[in-house]
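Working notes, beginning with the structure itself.
No lab work stands behind these numbers, since they all come straight from the coordinates. Bear in mind the structure is a predicted one, so any value in this text is a computation, not a measurement. Don't worry about glycine lacking a Cβ; one is built from the backbone with ideal geometry, like all the others, and counts go over all protein chains shown.
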Amino acid sequence: MNNNLTNKKVYDVLIVGSGVAGMYGSLQFDSSTSVLMLAKYETNVSNSNLAQGGVAAVLDLENDSYDLHINDTMIAGGQENDIEAVDTLVHEGPSDVLNIMNNMGVEFDRKPDGSLDKTLEGGHSRRRIVHYKDSTGAELVRKLLAEVQKHDNIELSANTALYSLSRVKSGFRADIIKNGRLSSVFCSYCILCTGGIGRIYKYTTNPKTATGDGIRIAYELGAKIKDLSYIQFHPTAFNSDDGEQFLISESVRGEGAVLKNCYKERFMHRYDQRLELAPRDVVSKSIILESRRTGSNNFYLDITHEDADFLKWRFPGIYEGCLKYGVDMTKDLIPIFPCQHYLMGGIETDIDAKTTVPRLYAAGECANTGVHGHNRLASNSLLEALVFSRRAAQDIKRCMAANFPAVSEYPSPVENITGGAPVPKGIKTEIRSILQRGYFVLPDYGAVRSGLKQIDNILKRLKGGSFAITTEFSEVLSMATAAHIILSEVDEK
Ligand SMILES: Cc1cc2nc3c(=O)[nH]c(=O)nc-3n(C[C@H](O)[C@H](O)[C@H](O)COP(=O)(O)OP(=O)(O)OC[C@H]3O[C@@H](n4cnc5c(N)ncnc54)[C@H](O)[C@@H]3O)c2cc1C
């Protein structure tokens, strides 16, 4: 494996993204297939690397069943899920989980008797979530990356951003930004694994990679984008002044934490009789309604009534995370606010991860396979990334085996374009404010309409100006495009 782009410009497969979907997909190809995999920043900056809870899979048919997992997934998704995709996810997922464990060295926590320590999360009727401490994603990323590094056919290029794709005969031209320069490579097939859109919001758990680049690039190529407004908002993220959000897990409420408003008063009784233990979307909505009632975004979780030693033992990561911001959860109220967490919608695909554009595939969070319906069941997304990136690779291998022609046209490669104005400062903040006002947990239809006009103006400015093509420019364009699609969808509902 070579970490730098070489002079070679033609690949069988381009994989955009080095999260779980990108890496697992790349590992399905044998040594005869050349794969270029891009990571916009360092290889381990991704949603995958932050995943905490685990991976849901039916690994114990004595105490669990595929039908139960399917049913749980459909209930969480409001029965809007694509049943064929759910069926594929649930039936095939377990062998992918066993594959990463047995063949790629991924470890999951075990009980003293050596069996897998499966946990339960909201919406699951059985204990089926395998996990590695509270950092499952980082374990997967570490081990998959080690595997990728063993494969000479995979060239992984970090700090390299895909800017655009265009169709050429039997493949694509991909325009790529690296070291401030734009250049082109060509590929016969492309799998977009670019993750979510969290960074179009002010409040999100997602890292800086999540600006919706793959969705914008697929959209520009004419691919169908579906249900981009299906966004999951988590009710309790730590509300820090620096805007970085980390999750305060639902299990803190499970252990008795109560929610308080700016007056330090409980309020959930106004919205749902299940109080703090109502489902994720209900609690998030209640917080927003209460913030409109009080005119304040100050909310708290209070678990100070619990024994301090128990809290430190039960929530070591959260305890330490809060302490970094000067909050001792055993004595202080924890400032929280809902945040964008996950994208259910995305680039429409079939169960082979094929988009509506020939030879273009999408897998992981940027894709809409239909498995999640309008609400994702906890811990189903890492599973989705594994199953559908593998299926994308398998489909490509079938095409290659059937002698589909390889890319054979190399028109006007872009080289070393520099110059142009930098993106005006503040556009990202402006887009985030528009989304935050118009569609954060609950739509505000007036703000959606005025926001759409603002976004249209931003897009006109970006497309009409002569800006330097940088990663920053690419991200702003992606954020504005995603915001436009989301707000248009909400407006039409
Ligand atoms: C805090 C947190 C906790 C979570 N916990 C869980 C959990 O317990 N269980 C679960 O199932 N799910 C969980 N999720 C969701 C899950 O982590 C993600 O849905 C999943 O990891 C997405 O994987 P991915 O490979 O599709 O995208 P990502 O892991 O986000 O990877 C995206 C990749 O695309 C690259 N990229 C983006 N744009 C470009 C571009 N223009 N050019 C080149 N590269 C680009 C990025 O650099 C990155 O490498 C959690 C998410 C978060 C944020």
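How big is the gap, in Å, between the Cα center of segment 17-71 and the Cα center of segment 142-179? Taking the Cα centre of segment 142-179 as reference, the centre of segment 17-71 is 17 Å away.
Between Ser115 and Phe404, residue separation times 0.36 nm minus the direct Cα-Cα distance comes to 99.5 nm. Once the Kirkwood radius over Cα pairs is known for the chain, the Stokes-Einstein relation at 25 °C and 0.890 mPa s delivers a diffusion coefficient of 106 µm²/s. Per residue, the average separation of C-alpha pairs within less than 8 Å and at least 6 apart gives segment 234-339 a relative contact order of 36 percent.
Note on segment 294-363 and segment 428-474: Cα centroid distance 25 Å, given to the nearest whole angstrom. Which lysines have a Cα lying under 18 Å from the Cα of Lys425, excluding residues fewer than 8 positions away in the same chain? In chain and number order, the partners are Lys202, Lys208, Lys460, Lys463. Karplus-derived 3J(HN,Hα) values for segment 115-131, using 6.51 cos²θ - 1.76 cosθ + 1.60 with θ = phi - 60°, are 7, 5, 8, 8, 10, 10, 9, x, x, 8, 8, 9, 6, 9, 9, 8, 8 Hz; glycine and proline are entered as x. Globularity index of segment 234-339 is 0.99 (Cα radius of gyration / 2.2 N^0.38 Å, N = number of residues).
Taking 8 Å as the Cα distance limit and 6 or more residues as the minimum spacing, I'd like the relative contact order of the chain as a percentage.
Reported relative contact order: 22 percent.
Relative contact order of segment 427-492: 43 percent, from C-alpha pairs under 8 Å at least 6 residues apart in sequence. Under 13 Å of direct C-alpha separation, and excluding same-chain neighbours fewer than eight residues apart, Lys178 reaches these aspartates and glutamates: Glu42, Glu415, Glu472. With a Förster radius of 60 Å applied to the beta-carbon distance between Ala421 and Arg292, the computed FRET efficiency rounds to 0.90. Beta bridges per DSSP, both residues in segment 1-150: antiparallel share near 50 percent.
DSSP finds beta bridges in the chain, and of those with both partners inside it, around 65 percent are antiparallel.
For the chain, adding -39500 (n - 2.57) for each run of n ≥ 4 DSSP H residues and dividing by the number of residues yields -11000 deg cm²/dmol at 222 nm. What is the diffusion coefficient of segment 398-493 in µm²/s, taking the Kirkwood radius over Cα pairs and the Stokes-Einstein relation at 25 °C with a viscosity of 0.890 mPa s? For these conditions, the coefficient is 156 µm²/s.
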